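Notes follow the structure.
The values are calculated or read from the model by the stated rules, or taken from the named source; none is laboratory data. The structure displayed is predicted, hence computed values, not measured ones. Heads up, the Cβs are rebuilt from the backbone with ideal geometry, glycines too, and the neighbour counts pull from every protein chain shown.
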Amino acid sequence: MITNIVLFEHPTHSESLYPFSIMHLPWELRIGLLNILETWQKLSGASVLSLHGRPLHLESFTTRNPQYRSRQLGVGSVLALSSLLLPRNNTLIEIRKAETSVTPVAFIADGQLVAACCSLSDWERLNVREWNELEHVISSQHWDCITLTDFRIIRYLWDLFDNIPDTITEQFSFCADQTIHHADFVHGHVAALNPERIAVGENSSIAPFVVLDASSGPILIGNNVTIMPHVTIIGPCAIGDHTIVKAGARIYPNTVIGQWCKIGGEVDTSIFQNYTNKQHEGFVGHSFISEWVNIGADTNTSNLKNTYRPISVEFPTGRIPTGRTFLGLLCGDHTKVGINTMFTTGTVVGICSNIFGSGYTPNYIPSYTWGGITTRKLLSLETALDTARRSMARRQKALTVEEIRLLQNEYEHVQKLFC
């Protein structure tokens, strides 16, 4: 029986998950009401034995999530997972079929190692700390290999969009006891379509004249969520704890909204991490928005080229063809966006930028950019830190020492771009 999970950051993810990866590790990605780490735990029922990733990022994660700082060794077997592998129940079922093997087993998906299972004693003897080390051990010791048939691989942030329907549907099973009944909202003038596929957490408030349409997929609403009047939410959709959906908002399918967010206007097929605000009118589509971002009124993202051609994105490491027709904005932590900003199709923005100006944005805006459209200057680190501290204080949060070091490291990387 798998009782221990070990998560590894895949070596490619430090660059391919840009700009989220500047401040975070892959298992912090939200894929519904839960993030990747929480979903693996929920599906497997196992404890987290250890986490392995970039050292400073790992320190930052465990400081913000002290429950993962030190774990007790359990009995049973160990499941080592690459961050490439998206948590899915069918994938876990395939892995568990091999648990009874007396020898360690490696699992292959899309031609590469994504998971490994062995006894706790075998794992302790291996003493590996990086995914590349585990790959070497498995190849040199000739472990048994099983090719998975039902799996999903995450290489880039935009891969998450395709998997939102499945992940929200699976997470709905965790909320079965919170399913609403039509009678719950008859007197509140709330239209609940397919109410048996709508789950609402404790102390959440849904105002009159709200439409919750779960005809095409579940709607998951966390605890202490406020849905203001005249909001339309179409599933599949997940809205995290303490989030406020502003009056008149239109939330279209395949949208994930994290905890402590404020969301208004029009949103379609997008992921918002925690503590991010898009309170006003404006369209955000096929976009990934990291933490502590504020998007000004009437800001719009283009998610489709006028030519209908596939979209490429610009990363610091070079140009990446996505093969996708729809892709909006990929935005890093602590970036602030001025009113009436127009984001070009497939725009990538780093962390701690302050974006404003007339016209369309360029395809790539480095971290610590002041302006970014008609003018571009380097925002001082002191100003960026001050802004981060002020915005976080509004949620009774503070920058950790580790986060400050990550912010400083990124500042050193981008300074030369402004010379």
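Below is a table of values for the structure above.
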{"quantity": "The stretch 398-415: number of residues that are closer than 17 Å to LEU378 by Cα and either in contact with a strand residue (DSSP E or B) (Cβ under 6 Å, 6 or more places away or on another chain) or not aromatic (Phe, Trp, Tyr) (or both)", "calculated": "8"}
{"quantity": "Residue satisfying condition, being out of contact with any strand residue (DSSP E or B) (no Cβ under 9 Å at 6 or more places or on another chain) and not hydrophobic (A, V, I, L, M, F, W, C), within set GLY296, GLY318", "calculated": "GLY318"}
{"quantity": "Odd one out for HIS334 among (1) touching a helix residue (DSSP H, G or I) at 6+ places or on another chain (Cβ under 7 Å); (2) farther than 23 Å from GLY285 by Cβ", "calculated": "(2)"}
{"quantity": "Residue match in the stretch 289-301 (condition: free of Cβ contacts under 8 Å to residues at least 24 places away in the same chain and either assigned by TED's automatic domain parsing to the domain that holds SER21 or not charged (D, E, K, R) (or both))", "calculated": "no"}
{"quantity": "Criterion (surrounded by fewer than 23 Cβ atoms within 10 Å (Cβ to Cβ), acidic (Asp, Glu), more than 21 Å from ASN132 (Cα to Cα) and in contact with an Asp or Glu (Cβ under 8 Å, 6 or more places away or on another chain)) met by exactly one of GLU94, GLU59, GLU38", "calculated": "GLU94"}
{"quantity": "Wholly enclosed strands (runs of 3 or more DSSP E) of the stretch 175-248 bearing at least 2 residues at pLDDT below 95 and buried (at least 24 other Cβ atoms within 10 Å of the Cβ)", "calculated": "198-200"}
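Let's see how each residue does on (1) over 26 Å from LEU157 (Cβ atoms); (2) assigned to a loop (DSSP other than H, G, I, E, B); (3) touching a residue at least 12 places away in the same chain (Cβ under 8 Å):
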{"residue": "VAL348", "(1), (2), (3)": "no, no, yes"}
{"residue": "SER358", "(1), (2), (3)": "yes, yes, yes"}
{"residue": "PRO362", "(1), (2), (3)": "no, yes, yes"}
{"residue": "TRP370", "(1), (2), (3)": "no, no, yes"}
{"residue": "THR374", "(1), (2), (3)": "yes, yes, yes"}
{"residue": "THR387", "(1), (2), (3)": "no, no, yes"}
{"residue": "ALA398", "(1), (2), (3)": "yes, yes, no"}
{"residue": "LEU406", "(1), (2), (3)": "no, no, yes"}
{"residue": "ASN409", "(1), (2), (3)": "no, no, yes"}
